[in-house]
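Report on one structure; see the data block that follows.
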Amino acid sequence: MSVKNDRWITRMAREHGMIEPFQEGQKREGVISYGVSSYGYDIRVADEFRIFTNVNTAVVDPKDFDPASFVEVNADVCVIPPNSFALARTVEYFRIPRNVITICVGKSTYARCGIIVNVTPFEPEWEGFVTLEISNTTPLPAKVYANEGIAQVLFLESDEECETSYADKKGKYQAQQGVVLPRL
């Protein structure tokens, strides 16, 4: 298994539509950076947010999640309440090859502000917009900027294809389009 570089990422995006829209090079001026980097791709957060609220005093249950626990916001800036989180999605749509898996980590600009991004791996042959979990670990409200960088995806390529891909399993989050809540 090897980590892939900018040339591989660019080729896969151009020839196979692995990332759409694709930003060649890193855009940085006046924004939190996004686009292809040396060994990864900095993804952007779209302007669709679901901010967690406990106005209904619900119990968070991944087997029976109450959608009323979120307030929907479409904005250029999302303010996440203290010690809370928001779900969002990427601007980019991904199509992961059968012999590739990804690891996604938050960007240091947000991490240094106590904003943590959690994303599970993109499995072989998974495709869709990525649902992001953005946690505000601080005791203060925190801003997240839409259409700017939020996390970095690292691509790991195996020397052989997996036996069973996410598409083969008919995964429940395959080809997701918006901010997708937990499914059982």
Local electrostatic count at Glu92 - Lys and Arg +1, Asp and Glu -1, tallied over other residues with Cβ under 12 Å: 0
Among Trp8, Ala58, Phe94, pick out the residue whose Cα is farthest towards the positive end of the charge dipole of the chain, where Lys and Arg carry +1 and Asp and Glu carry -1 on C-beta, about the Cα centre. Ala58
Please give, to one decimal in nm, the separation of the simple spin-label points placed at Val3 and Glu15, each 7 Å out from Cα toward the Cβ. 2.3 nm
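Rounded to the nearest 20 debye, what is the charge dipole size of the chain about its Cα centre when +1 sits on each Lys and Arg Cβ and -1 on each Asp and Glu Cβ? Intermediate results must be reported in sequence, preceding the final value.
On the way: 19 positive and 25 negative charges, 70 e Å.
The calculated dipole for the chain is roughly 340 debye.
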Radius 13 Å from Cβ of Glu148, net charge of other residues (Lys, Arg +1; Asp, Glu -1): 0
What angle, in degrees between 0 and 90 and rounded to the nearest 10, separates the Cα long axis of helix 6-16 from the longest principal axis of the Cα atoms of the chain? 90 degrees
Extension gain (nm, one decimal) between Phe65 and Val180, 0.36 nm per residue minus Cα-Cα: 40.3 nm
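Bear in mind that the values in this text are calculations on the coordinates, not laboratory data. Predicted model, so just to flag it, every value in this text is computed and none were measured. Every residue, glycine as well, gets a Cβ built from its backbone with ideal geometry; the counts of neighbours run over all protein chains shown.
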